[in-house]
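*Asks:* Before anything else, here's the structure in question.
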Amino acid sequence: MKRCFFLLTFLFGCSNHSNTSNISVSLINTNHSLQISGFDKEIINDIAQNSADSAWQALLPIYKMPADTDMKDFQKAQPGKYGVKDSLVIFTPDTPFREGQVYFLRSFDYSQAKDAWAFVREQKQKGSIGHKDLLFKY
């Protein structure tokens with residue numbers, strides 16, 4: 001897991017733009033899975049060899065949008081399985097996406113992290129590392 005955060009911090013820390021600008025999401029497998037794209041294939045494959053679902057959930061958490069959107073920062077991440085295919089990350093939730101429900105992927109701006117462990121310590125603190133929420137609806 002330490003290596004996973006180091007790789008992402010290195011990858012996005014060396015660029016002049018936020019990692020969130022290239023990430024996109026789409027539903028696949030008749031809306032049963034979420035496809036996350038916009039990553040370098042070599043980095044994603046390296047992370048996949050050294051990571052468990054909990055590491056992916058920390059890096060690319062997916063949430064159900066609450067009715068009161070002011071509460072979205074306090075939601076628990078959607079549990080599920082993460083997999084890698086080429087440069088794509090595929091997320092399949094433990095419980096199926098619900099029709100009409102809005103979900104979001106929180107993509108963090110790793111370029112602002114001081115180091116890998118700074119990201120781990122600060123990612124969940126309100127107002128710390130920048131992020132972008134990518135919405136999708138089943």
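The values are calculated or read from the model by the stated rules, or taken from the named source; none is laboratory data. Just so you know, these numbers come straight off a predicted model, no measurement behind them. FYI the Cβ positions are ideal-geometry reconstructions off the backbone, even for glycines, and counts take in every protein chain you see.
*Asks:* For region 33-78, how many residues are farther than 16 Å from F104 by Cα and among the aromatic types (F, W, Y)?
*Replies:* Qualifying residue count, region 33-78: 1.
*Asks:* Having 1 or more residues that are modelled with pLDDT under 55 and out of contact with any strand residue (DSSP E or B) (no Cβ under 9 Å at 6 or more places or on another chain) is the bar; report the helices (runs of 4 or more DSSP H) wholly within region 1-67 that clear it.
*Replies:* Numbers: elements: 2-13, 41-49, 53-59.
Counting at least 1 such residues, we get 2-13.
*Asks:* Mind listing just one residue for me: the one in region 84-107 that is without any contact (Cβ under 8 Å) to a residue 24 or more places away in the chain and more than 14 Å from N31 (Cβ to Cβ) and, of those, surrounded by the most Cβ atoms within 10 Å (Cβ to Cβ)? It would help to see each step written out before you state the result.
*Replies:* So in region 84-107, the residues without any contact (Cβ under 8 Å) to a residue 24 or more places away in the chain come out as 85, 94-95.
Narrowing the set further to residues that are more than 14 Å from N31 (Cβ to Cβ) leaves 85, 94.
Details: K85: 11, D94: 9.
Filtering region 84-107 for residues that are without any contact (Cβ under 8 Å) to a residue 24 or more places away in the chain and more than 14 Å from N31 (Cβ to Cβ), the one surrounded by the most Cβ atoms within 10 Å (Cβ to Cβ) comes out as K85.
*Asks:* Any idea how many residues of region 68-77 are in a loop (DSSP other than H, G, I, E, B) and touching a residue at least 12 places away in the same chain (Cβ under 8 Å)?
*Replies:* The qualifying residues number 3.
*Asks:* Restricting the first residue to region 33-62 and requiring it to be touching a residue at least 40 places away in the same chain (Cβ under 8 Å), which pairs with a second residue that is surrounded by fewer than 21 Cβ atoms within 10 Å (Cβ to Cβ) and charged (D, E, K, R) meet a Cβ separation below 7 Å and a spacing of at least six or different chains?
*Replies:* Close Cβ pairs (under 7 Å, with a partner that is surrounded by fewer than 21 Cβ atoms within 10 Å (Cβ to Cβ) and charged (D, E, K, R)) amount to K41/D86; N50/R3; P61/R106.
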